[in-house]
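K.L.:
Please see the structure below; I have some questions.
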Amino acid sequence: MIKTGAEILCECLIKEGVEVIFGFPGGVLLPLYDTLPHYPQLRHILVRHEQGAAHAADAYARVTGKVGVCLATSGPGATNLVTGIANAYLDSVPLLSITGQVPTHFIGKDAFQEIDITGITVPITKYNQLVLNVDGLARAVHEAIYVAMTGRPGPVLLDIPRDVFQARTEYICADKIDLPGFKPKLFGHPSQIKKAAELIASAERPVIVAGHGVNIAQAHAELKELAENAQLPVVTTFLGIACFPESHVLSYGWLGMHGMGYANKAVHNADLLIAIGMRFDDRATGGVSTFAPQARIVHIDVDAAEIGKNLTVDVPIVGDVKNVLHALNKQLVKRDHIGWLSQLDDWRAQHPATEVRDHEGVLPQYIIRQIHEATKGDTIIVTGVGQAQMWAAQYFFYDKPNSFVSSGGLGTMGFELPGAIGAKVGCPHETVWCIAGDGGFQMTVQELATMVQEDLDINIAVFNNGWLGMVRQWQELIYNKRYFGTKLYNPDFVKIAEAYGMKGVRVSKKMDVRPAIHKAMDHKGPFLIEFVVEPEENVYPFVPPGKTIVEFLEMPSPLGSLKK
Amino acid sequence: MIRKHILVALVQDRPGVLNRIASTLRRRNFNIESIAVGHIEQPLLSRMTIVVEGDDASVEQVRKQLDKIIEVIRIADITGESPVAREMAMIKVRATPSTRSEIIQIVDIFRANIVDVSPDSLILVVTGTQEKVDTLIELLRGFGIREMSRTGTIALPRGGAGPLTIEENKPLRHVVEQAAPEEEILPDW
């Protein structure tokens, strides 16, 4: 059947199971926007800035496990996606960016709104392509989504000139993928898996370090089986949060710069690390030369290039985490590690990291805990980056897979609002809480309009401490309180919410925290709470950069006493 | 140990491949000493020879990163296989009647060829290992080199099938991996 490029694109997306596109129109996209209404199966959500489209599609992909799709016009539309694409790249999120391009006869002429977006995104995409011919469009879409979703997921980009959207051709459904150079290894090598099983059987102080890969591969059940059968304590990475229930007796929190002291001690003293779907990021390992000095390391990852990148490992296993754990579980012998686990429990008692201290003022940690209690933990938490992110990670207990959505690798302030949109659109029946700092909130504040337009039932908690808190904390602790460029003169956040047509309240007393949380949740539609919190509260534990992860600083005053 | 590594890659002949390779090397902080690209006996494929300097572990790391590029079909570090490696240089050297015969003698020793003669200069072409080309250039420097151009190294491993050999009558196909039988031992992880 003869179809236009725009129609072929829509047909292919529907065939791939795409239901939502986060987009923003522009000149060269007009043929596509003229076609989209004929495909009501594709829900178009109009964002207010293309960065928001990329973040929303990113979060949508994280909570649904499907490819997230964002759409932007040529030139500035495309460049506005770049931060969002980089964010998806560092966190291995399957994101398809579709950008319009100037008509083919203008390419290379520096035409109006022409920019080389495929060139710009080479280092931050798994694959990208400028589609110069409508005959290759269907294949390009299927290949791009296949690459984005297969092996280690990642962002892909298709740049489509206006005349390719308009050109007509016979639409032949391309279902054969032909990418001879794309060779993900999905099944671990049996002899390596055997070696890993032997190491686990003989280890005295083993620790599982579970990362984002477990969430991506949806290997939650396999991980639980592994931990329970061999009685292995589980520490997660920051993005691994929620891949193993935190209420589980074998859960020992998450490691790293702001991770739990006992998690860091467990990893540091282990004689065997079973690293699953993680990449030994510097925020997780601290000083890498002194990381887990006594441990042999089994490293399971689908990306061969991650093996041995940051440190040398003893048993590398390249494969999809779910497949590898499935094979590994068959070879395990039941064991217990009573002595080692009780040692970990002692450390947990010595370094409580998740207890909210008694305090008159509004503590951000207290708010997070109240949200946990009010929601009974049954919500998706979407965070920005900085102090609020860390408190949300520390003081909420995550039991449900993919209930924690956060920008880990790139650390993108401003991810929270569009991220919450993507999470809510992807999981409309889940409660969504957006945890924002006053800094990050203002980076993508315009997406409030998207929430209102789409009437998305999102609860937003803005932690207003009047500072760019994490940077201020570093200035306090590392730069001897030389505060510069971190004090914020903030707008009235409640008025901002109201100006966008949504409800909002301000909370500055501890007694008002819980009622406001319930008010937000009872309200249908977006709701903002501005929490006026302790201005100079710090995130602890804190491993200063470059230090070994057991050299963490803890909250200076003893629990229960007032800090100030 | 930091040394020169020769990476050879079989890549799909698509726009932007060279950019991706160069971008990955730059991104991982490698300086490309030379890169040579050309078609091979199979249609739609090119072979690249990339020379970079680094220690074995970090070159292996960047090789794996390069292998992730979708258009890269195979890539191997053949440094350890004592490959046959050659490059070609064209050198335009100043030649007066008094120096011309001396230059020709050097050219003979190096088995280079003179391909152009003009009243005050010669163009000569030399093929050989990088060391040989370097030595010749050093010798000619005294006469005055006016222009020169080098191809960069190309290399083939010695002996039978190399790491990039494509079996005849076996076109490259995208293969979706299936689970290996439990007993089977695969060549590497």
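The values are calculated or read from the model by the stated rules, or taken from the named source; none is laboratory data. Quantities reported herein were computed from a predicted structural model and do not represent experimental measurements. Virtual Cβ from ideal backbone geometry, glycine too; neighbours counted across all protein chains shown.
K.L.:
Consider only pairs whose beta carbons are under 6 Å apart and that are at least six residues apart or on different chains; among these, list those whose first residue lies in the stretch A:438-459 and is under 24 Å from A:THR83 (Cα atoms) and whose second residue is part of a helix (DSSP H, G or I) and among the acidic types (Asp, Glu).
P.N.:
Partner pairs satisfying both residue conditions: A:GLY440/A:GLU416.
K.L.:
To continue, here is another question. Inside the stretch A:375-470, counting only strands (runs of 3 or more DSSP E) that do not spill past its ends, which hold 1 or more residues that are in contact with a Cys (Cβ under 6 Å, 6 or more places away or on another chain)?
P.N.:
Once the strands (runs of 3 or more DSSP E) in the stretch A:375-470 are filtered for at least 1 residues that are in contact with a Cys (Cβ under 6 Å, 6 or more places away or on another chain), what remains is A:380-383, A:458-464.
K.L.:
I'd like to verify a number: residues in the stretch B:60-96 that are of a type in the set (S, T, N, Q) and more than 8 Å from chain A (Cβ to nearest Cβ), how many?
P.N.:
Of the residues in that region, 3 qualify.
K.L.:
Going through the stretch A:176-198 one residue at a time, which ones are facing chain B (nearest Cβ under 7 Å) and either among the small types (Gly, Ala, Ser) or under 21 Å from A:LEU332 (Cα atoms) (or both)?
P.N.:
A:GLY181, A:LEU186, A:PHE187, A:HIS189, A:PRO190, A:SER191, A:GLN192, listed by residue number.
K.L.:
Could you give me the residue pairs with C-beta distances under 8 Å whose first residue belongs to the stretch B:13-28 and is more than 9 Å from chain A (Cβ to nearest Cβ), whose second residue is hydroxyl-bearing (Ser, Thr, Tyr) and surrounded by 15 or more Cβ atoms within 10 Å (Cβ to Cβ) wherever it lies, and which are 6+ apart or on separate chains?
P.N.:
Close Cβ pairs satisfying both conditions: B:ASP13/B:SER46; B:VAL17/B:SER46; B:ARG28/B:SER58.
K.L.:
Does the stretch A:180-198 contain any residue that is within 30 Å of A:ALA140 (Cβ to Cβ) and crowded, with 24+ Cβ neighbours inside 10 Å?
P.N.:
No, every residue in the stretch A:180-198 fails to be within 30 Å of A:ALA140 (Cβ to Cβ) and crowded, with 24+ Cβ neighbours inside 10 Å.
K.L.:
Here is a check on your reading of the model: is A:ILE297 outside any loop (DSSP other than H, G, I, E, B), over 20 Å from B:LEU66 (Cβ atoms) and away from every other protein chain (no Cβ under 13 Å)?
P.N.:
yes
K.L.:
If B:ILE103 meets every condition in (1) part of a strand (DSSP E or B); (2) among the aliphatic types (A, V, I, L, M); (3) assigned by TED's automatic domain parsing to the domain that holds B:VAL133 apart from one, which number is that one?
P.N.:
Only one criterion in (1) part of a strand (DSSP E or B); (2) among the aliphatic types (A, V, I, L, M); (3) assigned by TED's automatic domain parsing to the domain that holds B:VAL133 is unmet by B:ILE103, namely (1).
K.L.:
While we're looking at this one, here's another question. Report, by residue number, each residue of the stretch A:214-225 that is out of contact with any strand residue (DSSP E or B) (no Cβ under 7 Å at 6 or more places or on another chain) and not β-branched (Val, Ile, Thr).
P.N.:
The answer is A:ASN215, A:ALA217, A:GLN218, A:ALA219, A:HIS220, A:ALA221, A:GLU222, A:LYS224, A:GLU225.
K.L.:
Consider A:THR118 against the criteria (1) more than 11 Å from chain B (Cβ to nearest Cβ); (2) surrounded by 19 or more Cβ atoms within 10 Å (Cβ to Cβ); (3) farther than 24 Å from A:ASN323 by Cβ: it satisfies all of them except one. Which criterion is unmet?
P.N.:
The one condition A:THR118 does not meet is (1).
K.L.:
Sticking with this one: A:ILE208 - would you say it is crowded, with 24+ Cβ neighbours inside 10 Å, at the interface with chain B (Cβ under 10 Å from one of its Cβ atoms) and in contact (Cβ under 8 Å) with a residue 12 or more places away in the chain?
P.N.:
In short, no.
K.L.:
Can you tell me which residues in the stretch A:229-274 are assigned to a helix (DSSP H, G or I) and among the aliphatic types (A, V, I, L, M)?
P.N.:
Answer for the stretch A:229-274, where residues must be assigned to a helix (DSSP H, G or I) and among the aliphatic types (A, V, I, L, M): A:ALA230, A:ALA263, A:ALA266, A:VAL267.
K.L.:
Shifting gears a bit: Take the residues in the stretch B:29-56 that are touching an Asp or Glu at 6+ places or on another chain (Cβ under 9 Å) and surrounded by fewer than 17 Cβ atoms within 10 Å (Cβ to Cβ); name whichever of them is farthest from the other protein chains (Cβ to nearest Cβ).
P.N.:
Here the answer is B:GLU33.
K.L.:
Condition test on A:ALA144, is it of a type in the set (Gly, Ala, Ser) and away from chain B (no Cβ under 11 Å)?
P.N.:
no
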